[in-house]
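The next block holds one structure in the form of structure tokens; read it before the comments.
The values are calculated or read from the model by the stated rules, or taken from the named source; none is laboratory data. These figures come from a predicted structure and were not determined experimentally. We place every Cβ from the backbone using ideal geometry, glycine too, and count neighbours over all the protein chains shown. Side chains are part of the model used for accessible areas, which takes the heavy atoms of the whole protein and leaves out ligands, DNA and RNA. Shrake-Rupley method; radii C 1.70, N 1.55, O 1.52, S 1.80 Å.
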Amino acid sequence: MPESMDPVKRNILEVALAEFANFGFEGSRIESIAAGTHTSKRMIYYHFGSKEGLYAAVLEFAYWVVRDGEDTAPLLSLPPMQALVRYITYAFTSFSRYPDFIRLSQQESLQGLRFLKHSPAIVQMNRASLALLQDIVRRGQADGSMRADLEPIHVYMNYIGLCHYHISSRHNYAVQFDFDPAQPENSQARLASICDMMVRYVQCSPAKT
């Protein structure tokens, strides 16, 4: 998605992202979205055609914006374990910055990926992320720092799940345990624990003597 996006369209997408994330496709209203933008309901339909068209655009926008600004080039040259930790940190930081992305992806999953499965752009973005992780794991296996039996898809699922759990369950922990995972000190401690768990998971066990 280009940086030079029409500011009116971007404003609509940003407001609609919050609406769809909180209420899902069925529960969201174009009138509510229009009320939160700098434009009108008519202009929303002009740019996106329909509620379905807006939702599909928001979904792609969300997957793009959560990756915007990531500099993944260093991951190709860093030692594999360092590259993995940095990659996890990218995901954790992005998810924490855009909690609406997590909520929207959960809403979409509950609907069986009704719209995502028709978006080649999102599929391509996610497969590119997995391919980058596959490179890190294969390099780690080649230099002996990572277990030979690792499957990159399981590494991917593990760190993605860990990186979004503190967001999806934030209110649960706040109500039941008076603990807010989003507080900066708690967030940093959570990131450190995730990195520690993932390193322990992927690393080769010390040779027994």
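A probe of 1.4 angstrom, applied to the heavy atoms of all protein chains, finds Met157 with accessible area near 120 square angstrom.
Ordering Arg170, Arg97, Arg127 by accessible surface, largest first, gives Arg127, Arg97, Arg170; the 1.4 Å probe counts only protein heavy atoms, with every chain in place. Amide hydrogen proximity for Met146: with H placed 1.01 Å from N in the peptide plane, the residues at 5 or more positions away or on another chain lying under 5 Å are Gln141, Cys204.
In the context of the full set of protein chains, residues of the chain present 55 Å² of accessible surface per residue (probe radius 1.4 Å, heavy atoms only).
Protein heavy-atom surface of the chain, 1.4 angstrom probe: 55% of the accessible area is carbon and sulfur, with nucleic acids and ligands not counted.
Largest accessible area first, the residues His154, His38, His47, His166 order themselves as His38, His154, His47, His166 under a 1.4 Å probe with ligands, DNA and RNA left out. Counting lysine pairs in the chain whose alpha carbons fall under 22 angstrom apart, excluding pairs fewer than 8 residues apart on the same chain, gives 4. A Cβ-based charge dipole, computed about the Cα centre of the stretch 25-162 with Lys and Arg at +1 and Asp and Glu at -1, lands at about 240 debye.
Restriction of the chymotrypsin sites (Phe, Trp or Tyr not before Pro) in the stretch 154-197 to DSSP coil positions whose beta-carbon has at most 16 other beta-carbons within 10 angstrom yields Phe179. Equivalent ellipsoid of the stretch 41-154: semi-axes from √(5λ) of the C-alpha gyration tensor, largest first, are 34, 14, 12 Å. Summing charges over all other residues whose Cβ lies under 15 Å from the Cβ of Tyr173, with Lys and Arg as +1 and Asp and Glu as -1, gives -1. Against the chain, whose longest principal axis is taken from its Cα atoms, helix 120-142 shows a tilt of about 10°.
According to the Cα-based calculation, Rg over Rh for the chain is 1.03, with Rh computed by the Kirkwood formula. Once you sort the root eigenvalues of the Cα gyration tensor of the stretch 1-65 as a ≥ b ≥ c, which label holds: rounded (a/c under 1.5), prolate (a/b larger than b/c) or oblate (the other case)? Judged from the Cα gyration tensor, the stretch 1-65 comes out oblate (a/c at least 1.5, b/c at or above a/b). Dipole of the chain computed with +1 at Lys/Arg Cβ and -1 at Asp/Glu Cβ about the Cα centre; of Ser187, Ala18, Gln141, farthest Cα towards the positive end is Gln141.
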